[in-house]
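> Right, I'll just put the structure down here and ask away after.
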Amino acid sequence: MVFNTGAALLDAIVLAIVSRDQEGTYGYKITQDVRNVIEISESTLYPVLRRLQKEECLEVYDQAFDGRNRRYYKITEKGRVQLNLYSGEWESYKQKISRIFEEAHI
């Protein structure tokens, strides 16, 4: 992708992906789902997950899977409020940028 992804947009994408499953989802799956949308490394994603946890937008729990613990991330109510804010901001931003491209003489 040619465009850089800022921290707020990355937070919004992660919160949206985690919000899809009420029981939460694990780190590797989040990474794969994000990579379906933008290019990102695990070394970039895990600090985002930790920051969202520290900001109380995500809660974390471990669950046994194939004899190992798998870390799950679940969106909190504060995270849902933040995601709602991001969603509204994204809609406004998207409309403004789309308008510029529509008016361009390409």
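> Being outside any helix (DSSP H, G or I), of a type in the set (Ser, Thr, Tyr) and out of contact with any strand residue (DSSP E or B) (no Cβ under 8 Å at 6 or more places or on another chain) is the requirement here; does residue 44 meet it?
Considered against the rule, which asks whether it is outside any helix (DSSP H, G or I), of a type in the set (Ser, Thr, Tyr) and out of contact with any strand residue (DSSP E or B) (no Cβ under 8 Å at 6 or more places or on another chain), residue 44 comes out as no.
> For the range 76-97, what are the residues that are surrounded by 14 or more Cβ atoms within 10 Å (Cβ to Cβ), part of a helix (DSSP H, G or I) and out of contact with any helix residue (DSSP H, G or I) (no Cβ under 7 Å at 6 or more places or on another chain)?
Filtering the range 76-97 for residues surrounded by 14 or more Cβ atoms within 10 Å (Cβ to Cβ) gives 76, 78-79, 82-83, 86, 90.
From the residues that got through so far, the ones that are part of a helix (DSSP H, G or I) too are 78-79, 82-83, 86, 90.
The one that is surrounded by 14 or more Cβ atoms within 10 Å (Cβ to Cβ), part of a helix (DSSP H, G or I) and out of contact with any helix residue (DSSP H, G or I) (no Cβ under 7 Å at 6 or more places or on another chain): 78.
> Quick one: how many residues across the range 45-73 are loosely packed, with under 15 Cβ neighbours inside 10 Å and either touching a Pro at 6+ places or on another chain (Cβ under 7 Å) or among the polar types (S, T, N, Q) (or both)?
2
> Does residue 39 satisfy the condition of being more than 12 Å from the chain's Cα centre (by Cα), over 16 Å from residue 86 (Cβ atoms), at pLDDT below 90 and not basic (Lys, Arg)?
Judged against the criteria, residue 39 is a match.
> When the range 57-75 is examined, which residues are found to be modelled with pLDDT under 95 and assigned to a loop (DSSP other than H, G, I, E, B)?
66, 67
> Kindly establish whether residue 13 is under 13 Å from residue 73 (Cα atoms) and surrounded by 15 or more Cβ atoms within 10 Å (Cβ to Cβ).
It is false that residue 13 is under 13 Å from residue 73 (Cα atoms) and surrounded by 15 or more Cβ atoms within 10 Å (Cβ to Cβ).
> For the range 12-27, how many residues meet the condition of being in contact with an Asp or Glu (Cβ under 9 Å, 6 or more places away or on another chain) and among the charged types (D, E, K, R)?
So the answer is 1.
> Mind checking whether some residue in the range 86-93 is closer than 17 Å to residue 20 by Cα and among the polar types (S, T, N, Q)? Reasoning before the result, please.
Narrowing the range 86-93 to residues closer than 17 Å to residue 20 by Cα: 86-87.
Those left that are additionally among the polar types (S, T, N, Q): 87.
Checking the range 86-93: at least one residue is closer than 17 Å to residue 20 by Cα and among the polar types (S, T, N, Q).
> Return the pairs, sorted by first residue and then second, in which the second residue is among the β-branched types (Val, Ile, Thr) and in a helix (DSSP H, G or I), the first residue lies in the range 25-38 and is over 10 Å from residue 13 (Cβ atoms), the beta carbons are less than 8 Å apart, and the residues are 6+ apart or on different chains.
Final answer for the pair search is 25/17; 25/18.
The values are calculated or read from the model by the stated rules, or taken from the named source; none is laboratory data. Just so it is clear, the model here is predicted, and its values are computed rather than measured. All Cβ positions, glycine included, derive from the backbone under ideal geometry; neighbour counts span all protein chains shown.
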